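The next block holds one structure in the form of structure tokens; read it before the comments.
The values are calculated or read from the model by the stated rules, or taken from the named source; none is laboratory data. In this text, all values refer to a predicted model and were calculated from it rather than measured experimentally. Backbone-built Cβ (ideal geometry, glycine too); neighbour counts: all protein chains shown. Heads up: the accessible areas ignore ligands, DNA and RNA and are worked out on the full protein's heavy atoms, side chains in. Shrake-Rupley method; radii C 1.70, N 1.55, O 1.52, S 1.80 Å.
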Amino acid sequence: MSQISLFETENNSSQPLAARMRPRNLDEYVGQEHLVGKGKVLRTMIERDSVSSMIFWGPPGVGKTTLAQIIAAGTNAQFITFSAVTSGIKDIKNVMQQADRMTALGARTIVFVDEIHRFNKAQQDAFLPFVEKGSIVLIGATTENPSFEVNGALLSRCKVFVLHQLSQENIAQLIRNALADPRGFGDMDVRISDDEINALAAFANGDARTALSTLEMMVLNAEHSTDKSGREVVTITSDDFEQCTSRKSLLYDKQGEEHYNLISALHKSMRNSDADAAVYWLARMLESGEDPMYIARRVTRFAAEDVGLADPRALELSVAAFQACHLIGMPECSVHLTEAVIYNALAPKSNAMEVAYMQAAADANRSIAEPVPLHIRNAPTRLMKELDYGKGYVYAHDTEDKIADMECLPENLRGTEYYHPGDQGFEPRFRDRYEAIKKWREEHRKK
């Protein structure tokens, strides 16, 4: 257990960079805009010093403890911190009794518990009666799902705020802040390229602490010199990056031309059924720090655009890979993307669905005012029925062949065909069915 000294912000060059650069207020805080953006509920609570019991849940290095620091710096309440490693039930009860006395004097007590999931049931239970009667405001931080790690009774009295993994742009901003701020390396001339900053941001994988610790290591290990004015100059090279991250700094700008070049290479390699090239371009993108969700979206699009009904399972597997990327992230999801990429590369190809949609879209834009035929309109009201909405509609399930002799296109597009099945994979089956349905309609229209 410790007092507010845990969050002292006095600049101390002996502290790690991540500690020195810890934001002192919400204006310096980066990320979690859904919680602390202008007008958002958590920001309002903090600015008004009216926080209630809450739990911050999110992965490491996204700002949970930093938010507690900001609350500690701005509150008029007594702020006490607990460590799940060193605090026992006796410590908790002593502080709770002290909080009771402070409440009687009209003062508030805020208790911050870092890694609250490490507290056992008895330790968590010790907080419960004091939270219930308002003697303390409890703020917990956890990397684990509080539904499983926090007692239900205690959890029901806390608002859970979910903190998201920081984006690469967030991390890059934190790196640049550290390079410019005197608490970081603002007194030095640290020469590092934008590509290396972006590569470091990608390497950190959403963890600000990892990014700043790695930056500090690079600065310490890079070549130091002095310019004419006596200012220290630090030059970080790609070799420094590789030594400190155990990986090469690949040239890759997620917003620039190379981004589009690589995704184009992946897409066209799959289209050309070149599994080896497709896996290589996938690896180039992932190892350069590309968002796996972006790749998964493009692979899912490919499964419908270039494989289509030639192999309907391609879409199923691609969507499964997309879900895996969402659930487990990098580096684990690389194998799921590889599976989807290889499957799509080797699958039979058909672009019939994309061609069908593009042709239909062109017609829709040219004849956008064409009304829906009355017989296939819904008629939920009496007036609509009186206007013949739905009149003549035939429910296909009630027919012998499960097909109705009924035109569903607008009058000026009657007889238009958009889907032209190919002869690859499963698509001949769909072609046969499509042709059989057309033949049935032609025969029944002649009657």
So, of the residues in segment 422-447 that are in contact (Cβ under 8 Å) with a residue 40 or more places away in the chain and part of a helix (DSSP H, G or I), which turns out to be nearest to the chain's Cα centre (by Cα)?
Glu427
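Working carefully through the options Gln168, Gln97, find the one that is open to solvent by less than 80 Å² (accessible area, probe 1.4 Å), of a type in the set (S, T, N, Q) and either more than 16 Å from Val51 (Cβ to Cβ) or touching a Ser or Thr at 6+ places or on another chain (Cβ under 8 Å) (or both).
Values: Gln97 fails: open to solvent by less than 80 Å² (accessible area, probe 1.4 Å).
Of the residues listed, the single one that is open to solvent by less than 80 Å² (accessible area, probe 1.4 Å), of a type in the set (S, T, N, Q) and either more than 16 Å from Val51 (Cβ to Cβ) or touching a Ser or Thr at 6+ places or on another chain (Cβ under 8 Å) (or both) is Gln168.
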I'd like to check something: does segment 194-204 contain any residue that is free of Cβ contacts under 8 Å to residues at least 24 places away in the same chain and more than 22 Å from Tyr29 (Cα to Cα)?
no
In segment 132-147, what count of residues is obtained for those that are without any contact (Cβ under 8 Å) to a residue 24 or more places away in the chain and either over 20 Å from Asp49 (Cα atoms) or in a helix (DSSP H, G or I) (or both)?
1
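If I ask for residues that are polar (S, T, N, Q) and assigned to a helix (DSSP H, G or I), which ones from segment 78-131 would you list?
Asn94, Gln97, Gln98, Thr103, Gln123, Gln124
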Is it true that Tyr294 is closer than 18 Å to Ser269 by Cα, open to solvent by 60 Å² or more (accessible area, probe 1.4 Å) and of a type in the set (Phe, Trp, Tyr)?
no
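Quick check on segment 393-400. Is at least one of its residues part of a loop (DSSP other than H, G, I, E, B) and among the hydrophobic types (A, V, I, L, M, F, W, C)?
Residues of segment 393-400 part of a loop (DSSP other than H, G, I, E, B): 393-395, 399-400.
Right, trim to among the hydrophobic types (A, V, I, L, M, F, W, C) and you get 394.
Yes, segment 393-400 contains at least one residue that is part of a loop (DSSP other than H, G, I, E, B) and among the hydrophobic types (A, V, I, L, M, F, W, C).
When you scan segment 275-378 for helices (runs of 4 or more DSSP H) that lie fully inside it, which ones turn up with 3 or more residues that are over 27 Å from Ala199 (Cα atoms)?
313-328, 334-346, 352-366
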Go through (1) at pLDDT 90 or above; (2) open to solvent by less than 10 Å² (accessible area, probe 1.4 Å); (3) touching a Phe, Trp or Tyr at 6+ places or on another chain (Cβ under 6 Å) and name the single condition Ile55 misses.
(3)
Of the conditions (1) in a helix (DSSP H, G or I); (2) within 25 Å of Gly152 (Cβ to Cβ); (3) open to solvent by 20 Å² or more (accessible area, probe 1.4 Å); (4) of a type in the set (Gly, Ala, Ser), Ala68 fails just one. Which one is it?
(3)
Mind counting the residues in segment 148-171 that are touching a residue at least 12 places away in the same chain (Cβ under 8 Å) and hydroxyl-bearing (Ser, Thr, Tyr)?
1
Between residues in segment 288-306 that are more than 18 Å from Ala356 (Cα to Cα) and residues that are charged (D, E, K, R), which pairs lie under 7 Å by C-beta distance while being six or more apart or on different chains?
Glu290/Lys254
Select from segment 139-158 the residues that are open to solvent by 30 Å² or more (accessible area, probe 1.4 Å) and either of a type in the set (Ser, Thr, Tyr) or within 19 Å of Gln69 (Cβ to Cβ) (or both) and write down the one among them that is modelled with the highest pLDDT.
Ser156
Out of Asn205, Asn272, report the one residue that is at pLDDT below 90 and either small (Gly, Ala, Ser) or open to solvent by 40 Å² or more (accessible area, probe 1.4 Å) (or both).
Asn205
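For segment 356-375, name all the residues that are more than 32 Å from the chain's Cα centre (by Cα), touching a residue at least 12 places away in the same chain (Cβ under 8 Å) and either surrounded by fewer than 16 Cβ atoms within 10 Å (Cβ to Cβ) or closer than 13 Å to Asp306 by Cα (or both). Show your work before the answer.
Looking only at segment 356-375, we keep the residues that are more than 32 Å from the chain's Cα centre (by Cα), and these are 356, 359-360, 362-375.
Cutting the leftovers down to touching a residue at least 12 places away in the same chain (Cβ under 8 Å) gives us 356, 359-360, 363, 367, 370-375.
Residues satisfying the conditions are Ala356, Gln359, Ala360, Ser367, Glu370, Pro371, Val372, Leu374.
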Using the structure shown, decide if Leu174 is within 29 Å of the chain's Cα centre (by Cα), part of a loop (DSSP other than H, G, I, E, B) and touching a residue at least 12 places away in the same chain (Cβ under 8 Å).
no
